[in-house]
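Have a look at the structure below, then the notes.
Only the coordinates and a few stated rules stand behind these numbers; no lab work does. Keep in mind the model is a prediction, meaning the values are calculated, not measured. All Cβ positions, glycine included, derive from the backbone under ideal geometry; neighbour counts span all protein chains shown.
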Amino acid sequence: MNRSSERTVPSKIAVILLGVMMIMCMTGCGKPKYKLTFGSDGFKSEKKEYAEGEKVTVYYDIIATDTDYSFYTDCDDVKLKQDWDNNHGYIFTFSMPSHDVKISVTSRNSMEFIPDTSPDVPFTDSVPSDDNLSTDTWFCPECGQKNDMLYCKDCGLKKPD
């Protein structure tokens with residue numbers, strides 16, 4: 001065996017080891033890891049720990065209609081970039097800082113209920129039926145509202161006989 005071929009094997013191993021070490025450094029291996037936690041259900045992430053500077057992607061898929069969501073972290077130095085897609089719901093990305101991060105959400109039902117009648121009045125829709133039609137207009141003795149139905153639009157009092 002020739003000496004030049006003996007030298008190439010260790011050289012090849014050194015090059016391979018150097019490549020592996022570079023990949024480990026670039027992917028955050030060997031760096032301290034920081035925890036990613038969530039303040040409620042619905043959040044998902046690929047991992048629970050990330051190295052400083054590593055890209056973090058978080059999904060939130062508990063979506064309700066007529067609900068306003070506010071997402072936030074427990075620290076001022078993390079700015080969530082928010083996106084949306086139909087497969088994952090909300091998508092958040094950020095760069096992991098050199099400390100743990102907790103992501104939370106608050107939600108509020110934004111549906112507005114505007115009652116047309118008081119609770120003491122039978123439900124009537126906008127289309128008059130034979131049961132709630134009146135043959136003429138009348139003024140409610142209770143609240144003064146002008147009406148053309150059997151019940152007052154304002155207070156629900158039945159038309160006096």
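List the lysines whose Cα lies under 26 Å from the Cα of Lys159, skipping any in the same chain that are fewer than 8 positions away.
Cross-link targets: Lys146.
Using DSSP to call loops (not H, G, I, E or B), can you name the trypsin sites (Lys or Arg not before Pro) in the stretch 30-90 whose Cβ has at most 13 other Cβ atoms within 10 angstrom?
Those satisfying the criteria are Lys47, Lys48, Lys79.
For the stretch 32-102, restrict the atom set to alpha-carbon positions and state the Rg and Dmax in Å.
12.2, 42
Between Leu150 and residues 5 or more places away or on another chain, which pairs have amide H atoms under 5 Å apart, with H built 1.01 Å from N, and which residues are they?
Under 5 Å from the amide H of Leu150 lie the amide H atoms of Leu133, Ser134, each far enough along the sequence or on another chain.
Need the list of lysines near Lys102 for cross-linking: C-alpha distance under 30 angstrom, and skip anything on the same chain fewer than eight residues off.
Within the straight-line cut-off, Lys102 pairs with Lys31, Lys33, Lys35, Lys44, Lys47, Lys48, Lys55, Lys79, Lys81.
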